[in-house]
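Heads up, the thing below is written out as structure tokens.
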Amino acid sequence: MPDAPLSPQLQAVADEFRFATARLHALRAAVPESRWGVRRDPDRWSVAECVAHLNLTSAAYLGIIGDAIARGRALPRPARPRRYRRDPLGWLLWKMMPPPVRFRTRTAAAFVPGAVAPRDEQVAEFDRLQDEQLRLLAQADGLPLGAILVASPFNARVRYNLFSCLSILPPHQHRHLWQAEQVWSDAVP
């Protein structure tokens, strides 16, 4: 039996996750492995560092989202919501996250990439993490996502609802993929 279709809003989030994956694969095809880990500007991350940051971020969010879904299953479940809503902070982060980058913020130390894996390993890990995020997204559908709060792994004092969390992740990926594309823009179609 095929899986039930996602609500339109969560389908849009899933589509953005898939687009980020396609974007990374296009970047992998366009940037030679010899340039993958090289910084063009000493003050900016390499392509490898951008991807490593995304992998660190996705890995950190998996547990947070999984725990939130488990808590959400324990809540009284009203009929499937007609519309999920971001809370004000989640909406603000969602609006300011996509590229082009309008302002920079410092990345929390735990999410600054150190040594990075080879290109193919990084891309395979990104793909694995994307699949897991899509699986969790499907599990979240139908839960009262606006009533389930999560804390950001970047700053535990920053809290937003689970729909905000899920919808912020793809724009964050696109932000850093855009950053990675800028590193060797002469090599990206």
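The values are calculated or read from the model by the stated rules, or taken from the named source; none is laboratory data. In this text, all values refer to a predicted model and were calculated from it rather than measured experimentally. All Cβ positions, glycine included, derive from the backbone under ideal geometry; neighbour counts span all protein chains shown. What goes into the accessible areas is simple: the full protein's heavy atoms, side chains included, and nothing from ligands, DNA or RNA. Shrake-Rupley method; radii C 1.70, N 1.55, O 1.52, S 1.80 Å.
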Completion exercise
Counted residues in region 99-119 being open to solvent by 40 Å² or more (accessible area, probe 1.4 Å) and either of a type in the set (Lys, Arg) or modelled with pLDDT of 95 or more (or both) come to 3
Fill in the blank from the handout: Given the conditions (1) in a helix (DSSP H, G or I); (2) touching a helix residue (DSSP H, G or I) at 6+ places or on another chain (Cβ under 8 Å); (3) crowded, with 17+ Cβ neighbours inside 10 Å, every one holds for Arg86 apart from (1)
Exercise for the section: Could you check, for region 37-51, whether at least one of its residues is under 21 Å from Pro98 (Cα atoms), open to solvent by 60 Å² or more (accessible area, probe 1.4 Å) and at pLDDT 95 or above? Expected result: no
Practice task
Run Gln139 past the list (1) assigned to a helix (DSSP H, G or I); (2) under 17 Å from Ile168 (Cβ atoms) and report the number of the one that doesn't hold.
Solution key: (2)
Handout entry: Filter result for Asp131 (within 13 Å of the chain's Cα centre (by Cα), under 24 Å from Glu181 (Cα atoms) and without any contact (Cβ under 8 Å) to a residue 60 or more places away in the chain)
Key = yes
Exercise for the section: Would you mention how many residues in region 1-28 are exposed (fewer than 14 other Cβ atoms within 10 Å of the Cβ), at pLDDT below 95 and among the small types (Gly, Ala, Ser)? Expected result: 1
